[in-house]
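Right, one structure below, let's go through it.
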Amino acid sequence: MLRILHSLPRTHKLILLPVATMVTVLGTHKIVTVIDANGGHSTTQQITQNDDDSRSSPSLADNALATLETVTTRDIPLSELKAQEIVDVDFIDKAHATDNNVSDASAFDTQSSRPYLGAEALHTAMQLPGLLSGDELDDEALGGTSYEDFSIDPTELHDEDGSPDLEREIATQQEFVPEWETYTVQKGDTFAVTAERTLGLGYSDVMHILDSVPDKSALTHWRVGRSFDYKLNQNGDLLALRVMKNAREGYVIERDSPQDEFDVSDIIKATEPSQRLFAGTVNGSFTLSAESTGLSRSEVAQLTSLLSKKLDFRHNTRAGDHFQVLVESDMLEGESVDSRILAAQYQGERMDLTVVRNNADDQFYTPDGQGLDPAFNRYPFEGHYRISSPFNLRRKHPITGRISPHRGTDFAMRAGTAVDSPAAGRVIKSAYQAGGAGNYLVIRHDNGYKTRYMHLSKRLVSEGDRVEIGQKIALSGNTGGSTGPHLHYEVMVNNRSVDAMRVKLPENQSLEGKALAAFQKEAKPLLAKLESDSDTPAIASVHLDQEPGDEG
């Protein structure tokens, strides 16, 4: 190598002298020089390595200068070179002096010692089980899951430029208030499994609860169809669990924060039902108009969720529309608890709607017995596919090994498998997210539920499109942050992701015969109260800058 250096013109040798001086000041450097084959342009790429010892040793500078001086004056036989003087030079691609940037800054990660990989390279590196194509894999080798958490906030993937829908309006205008939710026991459920997947509890919390409950059978002897109530904070941590041993007795297991231990208290129901009638007119926001009647935030949420099954707030509400709602609450020590809507009526310029709760099945119907909920399929595809990763709030991240909630259900299926809409609705998002959800869709269904589909190979519908139950909307794939071909499927109720395989789905049904007669007999006094003006509070009047019909 020194012979090559010696063969250079004397001017080139002299150029190296100030470079050698720079080396002695800054530390040990590796300087690679690539000379154009025609002897024309040259470029130098420098990679710095810190060496504190070299800065403090004057002999290194002396040796470097002496070596360069010797090279420029006489030949040195190769046999005279010592082992430590042989230099390992890493060659780089030839560049030109006319280039603005000699080195590609993106090729190195200056903040860490590990190299940077682009999104596509990282996706390719994560693929399992390797380089085999989809046709070469058997069914047991198919499947994957997401290696990032995309579904914590269901509004993240929405269009921020568009008008907010009703749920987002409530979320942005008010602080988060934990609400009671209900879980229906399914076949094969145990408290330990449900506590991990749905309630997000760890093993120690489960054992502490079991040890604290006086009658463990309330948690260990579950029957299919029974239900329990639970309350989560904004991060999905369990705050309270309400389990009944029978119709009158049960337990409340609660804590103030995820860092506290659970306290157990008894429930003995001894309440008297009380009915209240609220009425108002829409003037701007339906949400604020309803709150101004005296309804609580949870009661407003129930009302908007109920009416949205038939009423499109964005397009059908107008200033001056009138609404009434009959609410029943259990009175306990002078306070109302567990409010529930018995009947509601909306009289508008574009739509009239009256609904009444049926005690026989706890569902709402129109006065003629027509159900509000359209049919909703359990699976968004035809056939049967293995679940490669279930809904699990305590799932370990497949890459980091840390606890990372998985708020969807992953089905192992070959890329290109047809994905169908489980119910009628409208597409509110159809987009691509690099390194995350990949190709994804969000559909708002007629009953207020939302569904989300990720890692698709192709989207077949666009934002604003109307879809019907069973309509082909996409093809499954392996795009974005995915470890293999699969479909990530989510169901959201009240803007919160739930277990799509266990949540109770609405069924399209109507009452007939004796069931219809019993319902209409029960509904008659409730409808009379809606029409009564004697107990009606003052009509709400809210003046806002928002134009009528801006609900979503």
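A few remarks follow.
- Near ASN359: Cβ cut-off under 14 Å, other residues only, Lys/Arg at +1 and Asp/Glu at -1. The net charge is 0.
- Taking a sphere under 12 Å around the Cβ of MET501 and counting the other residues whose Cβ falls inside, with K and R at +1 and D and E at -1, yields a net charge of +1.
- Distances between placed amide hydrogens fall under 5 Å for GLU463 paired with SER430, all partners being 5 or more residues away or on another chain.
- Unsatisfied cross-links (Cα-Cα over 29 Å) in the set LYS245/LYS521; LYS187/LYS216; LYS245/LYS310; LYS396/LYS472: LYS245/LYS521; LYS245/LYS310; LYS396/LYS472
- Prolate/oblate/rounded label for the stretch 317-449 (Cα gyration tensor, a/c 1.5): prolate
- For the stretch 177-268, the square roots a ≥ b ≥ c of the C-alpha gyration tensor eigenvalues yield an a/c under 1.5, which makes the shape rounded.
- Sparsely packed loop sites in the stretch 235-329 (the GluC sites (Glu not before Pro) outside DSSP H, G, I, E and B with at most 11 other Cβ atoms within 10 Å) comprise GLU261.
- Qualifying chymotrypsin sites (Phe, Trp or Tyr not before Pro) for the stretch 178-261 [loop in DSSP, other Cβ within 10 Å: at most 16]: none
- Since only PRO258, VAL206, PHE191 are under comparison, the one whose Cα sits farthest along the positive direction of the charge dipole of the stretch 177-268, derived from C-beta charges on Lys, Arg, Asp and Glu, is PHE191.
- Summing charges over neighbours of TRP180, with a neighbour being any other residue whose Cβ is under 10 Å away from its Cβ, gives -2 when K and R count +1 and D and E count -1.
Values in this text are rule-based calculations from the coordinates and carry no lab data. Treat the numbers as computed from the prediction; the structure is a model and nothing was measured. Counting neighbours? That spans all protein chains shown, and the Cβs are built from the backbone with ideal geometry, glycine included.
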